[in-house]
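Notes follow once the structure below has been shown.
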Amino acid sequence: MLIQRALSRARVLSTSRYFSSLSSIQMQTINLPKSPPFSFSSNNHGCNFLKSKPSSVSSPYSTAAFSLGKSSRKGVVPLAALLQIGGVQIAKDDVVKENDPTNNVPDSIFAKLGMQLHRRENHPLGILKKTIYDYFDINFPGKFEKFDDLCPIVTVKQNFDDVLVPPDHVSRSYNDTYYVNSDTVLRCHTSAHQAELFRNGHTHFLVTGDVYRRDSIDGTHYPVFHQMEGVRVFSPEDWSGSDMDGTAYAAADLKRSLEGLAKHLFGAVEMRWVDTYFPFTNPSYELEIFFQGKWLEVLGCGVTEQAILHASGRTDIVAWAFGLGLERLAMVLFDIPDIRLFWSSDERFTSQFSEGKLGVKFKPFSKFPPCYKDMSFWINDGFTENNLCEIVRGIAGDLVEEVTLIDNFTNKKGMTSHCYRITYRSMERSLTDDEINELQEQVREAVQNKLNVVLR
Ligand code: DAH
C-alpha cells in the first residue's frame, strides 16, 4: 500500500514519471484485476462498441474504438448527454455503464468529456498550447501538423500495446485507468495516438488532448488533465551527411529542439537532461529547468523505439517524441495555485487570461477557509486510495481540495485501519457548515456501501 501510494504520488506530480519506471518495480504494486475495484448500481443501457455502426460524421482518427451511429442512440439518451468530439458521437451510456463490471467510468468523468479546455483561446491551457505551436511554426515553418480534437476514447491496443507498455505495467490496472470496457479506455496519455499517426504517414506532428487517470486528490492532481505529444520523423537522407547514426542524430536534434522550446516558454533558464526510462523510447530523457529556485521537470522524451516504427510499416526511419503536461507547466507559468481552477467558470478566474499572453500572473481573488473532516475505517484487501478519492470527488466535486491519509495502523488481529482527512474548500465562495456536514455524511455512506469498509 505504501509503495503503491509512493508510486502513485510520484507519477502524477510529474506527468511523464507515470511511465518512467521499470516493470520489475511495478511488479511489487501490481494488483491487476480484470474487473473493477468495486461494483456499481445497475443501469439498463448497455452498449457494445463492436456491434455499433460507424458514425455518419467521422474523424479519420481514433474512431476505431468509438464509432456510433447517430440514429442508434436516438430516443435513448437525452440530448444533453450526447457529445461530439472530433466528429465522433458519444452518448453518456456508451461511456458510463454502471452494471458492467468491465467499466469504471463515473458520471463525474463523463461530464469532462468534450470540455477540451486546451481548445479555449483565452484559457491558460489554450494560451500555452498556442505558444508551443508558435515555437514549432517559427522554427520549422509549415512542418508540424496539429491535432487537438482526436477522440479520447481509444482502444487498449492504442493506449498501451502500440506504444509497448508491458502487459504487467501498473498503468494498465483498473485502479489507474478508466476502462469503458475491457478493450476500450479513456486515453491516459496522448502517446496513444502515435502509432496511428505514424501508420498514416505523418512525419511531424503535435497532438494535444485531455487525458484521464484515476488518482489521489490534492492541489496538483485531477483525474482529467491535458498533454501535448510531439513527434518528428527522420529519413536516412537526413542523417547520411552527418557523422552520426540515425539514433544519435535524432537524439541531438531532439535535445536542441526541446531546449529551444523550454527557452521559448521560460526564458533563459538553466537546463539539464536526466536519463530515464519510458517503454516507448530508447534512449529516454527528462528535461529539467531551474525555475523559481528549484529544478522543475518540463517534459519526457526520447528516440522512438524501432518496434513502434516497424509496426507502422517503415523500417528505414528514426523518430523523436516528447510528451508534456499542460497544467503542470501552466501552473508555474501563470502562478495558478490549484489545479481545480482550470475548470472554473468563475469570471474572476477566466477574465484574467487572454490569447497570446503567456505568463500573466494569476491574482487570487480570495482564499476561502478550508474545512477538515476526518474519517476512519477498517480497510479490506481490495481497498485503494484511488477508489476512495473517486467516491469523494463524485459527491463533493471540486469542493474537495485534498484527501490525505493521516493515520494507518494494523491491530493484533491483523485488521488495518486508515484515517483520512478530507479538506473541503471552494475556490469561489465560503462553504456553510450544514453543506459540508451533508456532503461528509453522503461520503461516509457511499464509502461504506461501495468500498465495503467498516466505518469506525
Ligand atoms: N506518455 C508519457 C506520459 O504520459 C509522456 C511521454 C514521455 C511521451 C516520453 C513521449 C515520450 O512521447 O517520448 O507519462
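The values are calculated or read from the model by the stated rules, or taken from the named source; none is laboratory data. Predicted model, so just to flag it, every value in this text is computed and none were measured. Note that each Cβ is placed from the backbone with ideal geometry, even for glycine, and that neighbours are counted across all protein chains shown.
Cβ separations smaller than 8 Å between residues 6+ apart or across chains give the following pairs from the stretch 433-451 residues that are on the phi < 0 side of the Ramachandran plot to residues that are surrounded by fewer than 15 Cβ atoms within 10 Å (Cβ to Cβ) and hydroxyl-bearing (Ser, Thr, Tyr): Lys450/Ser39. Within the stretch 147-170, can one find any residue that is among the aromatic types (Phe, Trp, Tyr), closer than 22 Å to Leu326 by Cα, touching a Phe, Trp or Tyr at 6+ places or on another chain (Cβ under 6 Å) and in a loop (DSSP other than H, G, I, E, B)? No, the stretch 147-170 contains no residue that is among the aromatic types (Phe, Trp, Tyr), closer than 22 Å to Leu326 by Cα, touching a Phe, Trp or Tyr at 6+ places or on another chain (Cβ under 6 Å) and in a loop (DSSP other than H, G, I, E, B). Report yes if Val211 is within 23 Å of Arg172 (Cβ to Cβ), within 13 Å of the ligand (Cβ to nearest atom), in contact with a Lys or Arg (Cβ under 7 Å, 6 or more places away or on another chain) and of a type in the set (A, V, I, L, M), otherwise no. Yes: the conditions hold for Val211. You will find that of Thr423, Thr384, the residue that is polar (S, T, N, Q) and under 23 Å from Lys367 (Cβ atoms) is Thr423 and no other. The residues on offer are Arg256, Arg199, Arg232, Arg272, and the sole one that is farther than 30 Å from Asp107 by Cα and touching a His at 6+ places or on another chain (Cβ under 8 Å) is Arg232.
Considering only the stretch 188-206, I want to know if a residue exists there that is more than 15 Å from the ligand (Cβ to nearest atom), of a type in the set (S, T, N, Q), outside any strand (DSSP E or B) and out of contact with any strand residue (DSSP E or B) (no Cβ under 7 Å at 6 or more places or on another chain). For the stretch 188-206, residues more than 15 Å from the ligand (Cβ to nearest atom), of a type in the set (S, T, N, Q), outside any strand (DSSP E or B) and out of contact with any strand residue (DSSP E or B) (no Cβ under 7 Å at 6 or more places or on another chain): present. Just the residues that are on the phi > 0 side of the Ramachandran plot and either touching a residue at least 40 places away in the same chain (Cβ under 8 Å) or outside any loop (DSSP other than H, G, I, E, B) (or both), please, taken from the stretch 111-127. Result: Gln116, single match. Inspection of the stretch 258-281 identifies at least one residue that is aromatic (Phe, Trp, Tyr), modelled with pLDDT of 95 or more, in contact with a helix residue (DSSP H, G or I) (Cβ under 6 Å, 6 or more places away or on another chain) and at negative phi.
The residues listed here are Asp137, Asp100, Asp149; of these, the one that is under 28 Å from Ala330 (Cβ atoms), more than 17 Å from the chain's Cα centre (by Cα) and surrounded by fewer than 23 Cβ atoms within 10 Å (Cβ to Cβ) is Asp137. Determine whether the stretch 128-141 contains at least one residue that is touching a residue at least 60 places away in the same chain (Cβ under 8 Å) and not in a helix (DSSP H, G or I). Scanning the stretch 128-141, I find at least one residue that is touching a residue at least 60 places away in the same chain (Cβ under 8 Å) and not in a helix (DSSP H, G or I), so the answer is yes.
Just to be sure before I move on: is Val224 out of contact with any Ser or Thr (no Cβ under 8 Å at 6 or more places or on another chain) and within 16 Å of the ligand (Cβ to nearest atom) in the structure I sent? For Val224, the condition - out of contact with any Ser or Thr (no Cβ under 8 Å at 6 or more places or on another chain) and within 16 Å of the ligand (Cβ to nearest atom) - is met.
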